[in-house]
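The values are calculated or read from the model by the stated rules, or taken from the named source; none is laboratory data. This one's a predicted model, so the numbers in the text were calculated from it and none came from an experiment. Cβ atoms come from the backbone with ideal geometry, glycine included; neighbour counts cover every protein chain shown. Remember, those area values only see protein heavy atoms, side chains included, never the ligands or the DNA or RNA. Shrake-Rupley method; radii C 1.70, N 1.55, O 1.52, S 1.80 Å.
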Amino acid sequence: MIAKKILNKLAGSSEIRKMFEEGNRLKTIYGEDHVFDFSIGNPDVEPPKEVFDALIDIANNPVPGMHGYMSNNGYESTRKAVADKRSAESGIAIAPGAVCMTTGAAAAMNDTLHSILDDEDEVIVLAPFFMEYTGYIENHNGKVVIVDTDDDFMPDLTKISEAITPKTKAIIINSPNNPSGVVYPASFLKNLNDMLIRQDHVIHVIADEPYIDLIYDNTEVPCVLKYIDNLIICFSWSKSLSLPGERIGYTLVSPRHKDYDDLTNAITLSNRTLGSVNAPAIWQRVIERTINAKVDTSSYERRRNLLYSNIIDAGFDAVKPSGALYIFMKTPKGLTDDEFKSICAVQNLLIVKGASFAKPGYARLAFCVSEQTILNSRRAFFAVAEELKIEHRKEL
Ligand SMILES: Cc1ncc(COP(=O)(O)O)c(C=O)c1O
């Protein structure tokens, strides 16, 4: 018999995964080009050439011991490369000891939450949010406290401060955001910090930043290190270098954090005891050599534009995302998320319900699918609009 808590989670398990399976089923019936599966955010741009060059060079020039155990926070030289990059961006001196290399952002967040949460401690998340946060927080016996954002998905400082209790341990911010694609402005970060440091206990800000390099329209993402004191960054190269299967990322504790020494030690310990032990050796070496490389985001930007036009031209509403891989469109008034999803499915248009991101009344569409699929999907958006008697803004 498996644990009851896992049994419950299995029962409610991932909406997105179910959509993925449904997408594959429909594709075998109707063919790839006639199923518009916008449910999964799997980055599809190949990693930059520098990454392959580094990998080949490392494989061709092995050094003794390069596959051995290491310090649990990773190679000093890799951590130094990360720290130097973040120092240059922020103007704040960051030592390699601030960094712990992890198996992606998921592990970075679990290491962090394991290090800070006592039983029943509360973690504030801002809706809409990446649904896995609930699992990460509950893994470490924390409680999820959901605070809504405004119509443009911008956080509301008053609502956040009203949600704070003596049990509040942390707030998670995710900008560029999954699922909305919005970027939080510097003024929000500054005001958040001012409010948090006035509290009578430390409230950690966990900045989950896997989309920081997927940015459109030359939007500037404010550097969190400049604005937040009690900060832990969770970063990953899953999207920045299109390496989600390789599992490589890091935590970085701000040198201004009140608990800097304890936290850096605790995260390193958690990285080991939660089972990662250390991040993959070869990928740390690749990262060290390609620290400033990024994927080419031009095709994501093109596809964002095409999908956004389909949605808006057909007559629907959405905030245009400045980053990440998703459009979080508004669903028409008077329909439940399930009803809208079913109407879309009739046109082979697969979306994820807003309720899966704690924000009913919306639907998430990932634009990391082929340009041809997005072009072909235009008529499906128009057909859904017609079915719902929504007036088109443009011609098909
Ligand atoms: C907002 C957000 N945080 C964290 C993750 C986990 O990323 P990683 O692959 O680095 O574990 C994802 C993955 O999609 C995400 O969207």
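Regarding Thr373, is this residue hydroxyl-bearing (Ser, Thr, Tyr), without any contact (Cβ under 8 Å) to a residue 60 or more places away in the chain and not assigned by TED's automatic domain parsing to the domain that holds Asn218?
So Thr373 does not fit the description; no.
Pick out the one residue from Asp119, Asp148, Asp152, Asp111 that is assigned by TED's automatic domain parsing to the domain that holds Pro280, assigned to a strand (DSSP E or B) and not aliphatic (A, V, I, L, M).
Asp148
Have a look at Lys27, Lys80, Lys85 and point out the one that is assigned to a helix (DSSP H, G or I) and either outside the structural domain of Pro280 (by TED's automatic domain parsing) or open to solvent by less than 30 Å² (accessible area, probe 1.4 Å) (or both).
Answer to the selection: Lys27.
Would you mind telling me which numbered condition in (1) among the aromatic types (Phe, Trp, Tyr); (2) touching a helix residue (DSSP H, G or I) at 6+ places or on another chain (Cβ under 8 Å); (3) within 23 Å of Asn42 (Cβ to Cβ) Phe382 fails?
Of the numbered conditions (1) among the aromatic types (Phe, Trp, Tyr); (2) touching a helix residue (DSSP H, G or I) at 6+ places or on another chain (Cβ under 8 Å); (3) within 23 Å of Asn42 (Cβ to Cβ), the odd one out for Phe382 is (3).
From Asp111, Asp57, grab the single residue that is modelled with pLDDT of 95 or more, among the acidic types (Asp, Glu) and within 16 Å of the ligand (Cβ to nearest atom).
Among Asp111, Asp57, only Asp111 is modelled with pLDDT of 95 or more, among the acidic types (Asp, Glu) and within 16 Å of the ligand (Cβ to nearest atom).
Tally time: how many residues in region 77-100 are touching a Pro at 6+ places or on another chain (Cβ under 9 Å) and either of a type in the set (Lys, Arg) or within 15 Å of the ligand (Cβ to nearest atom) (or both)?
Result for region 77-100: 3.
In region 220-232, what residues are within 16 Å of the ligand (Cβ to nearest atom) and in a helix (DSSP H, G or I)?
Correct list: Val224 only.
Quick one: count up the residues across region 233-268 that are open to solvent by 50 Å² or more (accessible area, probe 1.4 Å), over 19 Å from Tyr75 (Cβ atoms) and assigned to a loop (DSSP other than H, G, I, E, B).
5
Looking only at region 169-219, how many residues end up being more than 16 Å from the ligand (Cβ to nearest atom) and part of a loop (DSSP other than H, G, I, E, B)?
The qualifying residues number 11.
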